[in-house]
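The values are calculated or read from the model by the stated rules, or taken from the named source; none is laboratory data. Everything numeric in this text was worked out from a predicted model, so none of it was measured. Reconstructed Cβ throughout: ideal geometry from the backbone, glycine too, with neighbour counts over all protein chains shown.
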Amino acid sequence: MITHIVIDIEGTTSSTWFVQRTLYPYSRERFAEYLTAHRDRPDVDAMVQTVRELANEPDADDSRVVWWLEHWLDRDQKVTPLKAFQGWIWGEGFARGELTSHFFDDAIPAMRRWKAAGLNLSIFSSGSANAQRAWFGNTPEGNILPLFSHHFDTENIGHKRVADSYRKMTSELGVPPDRIVFLSDLVAELDAAREAGWNTVGVRREGDEYWDAGIGEHLAVTSFDQLDLSGDTPRLVTA
């Protein structure tokens, strides 16, 4: 019996284009300002050190750190310090009311139904846990954070295309892997989850970035409303 759902964000609950065209520019415009304003914070300093290590530039000054953040952003690289700075900046933007997250129309109602049915919901995203909390705390329907038990990211769990990340989440969730289902729009992520023993569902959002790539051999849906998670394996809703 499926008891746990782990859900991707971009391309699954929400439009990849919204993230790339709204959130990415918002953070890029504020990297330098944010770093200057919060430079004495230990967590910010730790991310600066990580930038220097990843760039192999131990003496990089703050302007060079900002250059690397912009460089990784322009290439959409899922690098931990980039995601950390984005999460902090977006969190402030959501708190000030300058940002509101985007969701496909079926996503929030379906997640509410699954939660009401007793299923455990978690998020696994390349966006930092801080960014996830800001995202789900500031939706068009208000704060929906109580729906979720865990916020997994590439820092606290690992990369999304590596099976060991899903094995680590299995341990964190405390259930056998065949009781977990992962929803994502990317084949490589779904393949990694399946390798770890999870059930998988490929979510295809027409017009979104990876629509043309398909989802391989995984069960496919274009809306959460098509998905029946009441049994031992995910299946399509029957008329």
Problem set entry | Residue check for Val65: over 21 Å from Gly158 (Cα atoms), at pLDDT 95 or above and among the β-branched types (Val, Ile, Thr) | yes
For this session: Would you mind telling me which numbered condition in (1) at pLDDT below 95; (2) part of a helix (DSSP H, G or I); (3) within 13 Å of the chain's Cα centre (by Cα) Phe94 fails?
Result: (3)
Exercise. Which of the residues that make up segment 134-191 are in contact with a Gly (Cβ under 9 Å, 6 or more places away or on another chain), part of a loop (DSSP other than H, G, I, E, B) and farther than 16 Å from Lys78 by Cβ?
Worked result: Asn138, Asn143, Ile144, Pro176
Problem set entry | Selection count where residues are at pLDDT 95 or above and closer than 17 Å to Glu206 by Cβ, scope segment 15-38 | 0
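When you go through Arg133, Arg161, Arg179 one by one, which is the residue that is closer than 30 Å to Glu92 by Cα, surrounded by fewer than 21 Cβ atoms within 10 Å (Cβ to Cβ) and touching a residue at least 40 places away in the same chain (Cβ under 8 Å)?
Arg133 is the lone residue from the list that is closer than 30 Å to Glu92 by Cα, surrounded by fewer than 21 Cβ atoms within 10 Å (Cβ to Cβ) and touching a residue at least 40 places away in the same chain (Cβ under 8 Å).
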For this session: Can you tell me which residue among Gly214, Gly202, Gly197 is more than 18 Å from the chain's Cα centre (by Cα) and at pLDDT 95 or above?
Result: Gly197
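Only one residue in Arg179, Arg167 is farther than 23 Å from Gly231 by Cβ, assigned by TED's automatic domain parsing to the domain that holds Ser230, of a type outside the set (A, V, I, L, M) and at pLDDT 95 or above, so which one is that?
Residue meeting the stated conditions: Arg167.
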For this session: Look through segment 99-119, keep the residues that are surrounded by fewer than 16 Cβ atoms within 10 Å (Cβ to Cβ) and closer than 18 Å to Gln132 by Cβ, and return whichever of them is modelled with the lowest pLDDT.
Result: Thr100
Seminar exercise, completed: By residue number, the members of segment 27-42 that are assigned to a helix (DSSP H, G or I) and either surrounded by 15 or more Cβ atoms within 10 Å (Cβ to Cβ) or in contact with a helix residue (DSSP H, G or I) (Cβ under 6 Å, 6 or more places away or on another chain) (or both) are Ser27, Arg28, Phe31, Ala32, Tyr34, Leu35
